[in-house]
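The values are calculated or read from the model by the stated rules, or taken from the named source; none is laboratory data. The model shown is predicted, which means the values in this text are computed figures rather than measured ones. Every residue, glycine as well, gets a Cβ built from its backbone with ideal geometry; the counts of neighbours run over all protein chains shown. Remember, those area values only see protein heavy atoms, side chains included, never the ligands or the DNA or RNA. Shrake-Rupley method; radii C 1.70, N 1.55, O 1.52, S 1.80 Å.
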Amino acid sequence: MGIFTGIFKRIFPPAAISFLLASCMTMNDYNYARIDSGLSEGKYDEVINELDAKKTEIYSSHDEVLVLLDAGILCHYAGEYEKSNGFLSQAEQLIEKYRATSITQSISGFLTNDTAKDYSGEDYEDIYSNIFMALNYIALGEYDEAMVEVRRFDNKIRTLKADYEKIVSNSDAEKKSNNGVSIEKVNVQFADSALARYLSLLLYRNDGDYGNASVDLKFAREDFQTQKDLYDFAFPSSVDREVSVSRNDCHLNILALYGKSPVKKEKTTRVYSAAGSVWYKLALPEMNRRKSEITGIKAQAVCLSNGKKYATKLDKIESVENIAVDTFQRNYSVILAHSLMRTITRAVSNTVMHEGSRVARKRGNDGAALLFTLFDLAGKAYTEAVERADVRCSRYFPASAAVSGITVEDEGEYEVTVSYMHSSSVLYQFKKNVTVKKGTLSLVESACLR
């Protein structure tokens, strides 16, 4: 922080400085190496314990939603499905509460930085929490509840768009009182999810409702045609065959969640005049993708009673990272307006102090000139210290989802192995025994966050 922090320390007590700087810490300040290592090895219980032990270092008092989201997603990976739903349901309720507050909130609020408000989640975090709850219910055999979550996912996509339009409308009405700053409306492409349609298809088929299952297949295909920037890969051929699986077939479905969702990083811009009369710092979040090592996914099912083997390759059906980056633009436009308002307010204050010092010095009042100068420098140091981008986000959503299906000859217990590949090398293997029965949904889900 350089010269400004030095001046700041001369003006304010050390205890106040410590409190101020501590309050400006962000998630990017924590070293996640140990957590990321645990994730890559599938040691989800260890990651949960690490987060619990380091909770005060990673999360602030305004991060309750994030705590619940992270716990819910990690418990899902660990197979603690009821716990996961409990955490995710609580997160969903708080998100709804905080989002309702933000709709009526002035963009001139929170004149320190955006981390001073309660985190209400990114759009993709909110909607994909319902997908995880649906998967929890499927794992628990509660298929009606799973369908409810899929439908709520679909409804949220439309509701979030309507809520955003209200925020933009409110900001337009306040534009004059906010020094001309308003929220620029942006349009995101994401309007439907092929993964949600896939899960809905499986649930309808499990109920014997092949008509609605076929409708979901149609919509999933349309998602690839109408949202090409988000679905920039081929439609998985195995999905077409799912509506042909009859009630007399023994069928396995396999879902793989892999890679790591994007994280936010801070990008800072500083502007000042040569005379020093104008100074501002603009710190904004950027959504950064995290490259995956995984280049392919294979699966094998072995019948434990007769040794028959079945193999398949999984194909991508959803890019969560593409959707995360796309939907982030809505929140970014709000964040930009907040940051600009703070910047303008502080720049005006600093300019007044600088001008006051100049006028006092011209009139020979050195004491007043010094006071104005100190306040001017303190204001600039304060801006440097507290203006931080809000980089809060969950680090534990997957980057992508891939699917496939295997029709086997016999009912019974099968050992299913899902292999996550880098070229021809196996990075990680997941094994699970599953019972396959005719006309019954058997979904094997695994995850590899690498």
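All other residues whose Cβ lies under 13 angstrom from that of V67 are scored, Lys and Arg at +1 and Asp and Glu at -1, for a net of -3. Sparsely packed loop sites in the stretch 282-337 (the trypsin sites (Lys or Arg not before Pro) outside DSSP H, G, I, E and B with at most 14 other Cβ atoms within 10 Å) comprise K291, K308. Just to verify a number: FRET efficiency for D240 and D45, C-beta to C-beta distance, R0 = 41 Å, to 0.05? For R0 = 41 Å, the calculated efficiency reads 0.60. This model, with +1 at the C-beta of Lys and Arg and -1 at the C-beta of Asp and Glu, gives the stretch 306-352 a dipole about its Cα centre of some 200 debye. Can you bin the stretch 369-450 into rounded, prolate or oblate? Criterion: square roots of the alpha carbon gyration tensor eigenvalues sorted a ≥ b ≥ c, rounded for a/c under 1.5, prolate for a/b above b/c, oblate for the rest. In terms of gyration-tensor shape, prolate. Rolling a 1.4 angstrom probe over the protein heavy atoms with all chains in place gives the stretch 381-431 an accessible area of 31 Å² per residue.
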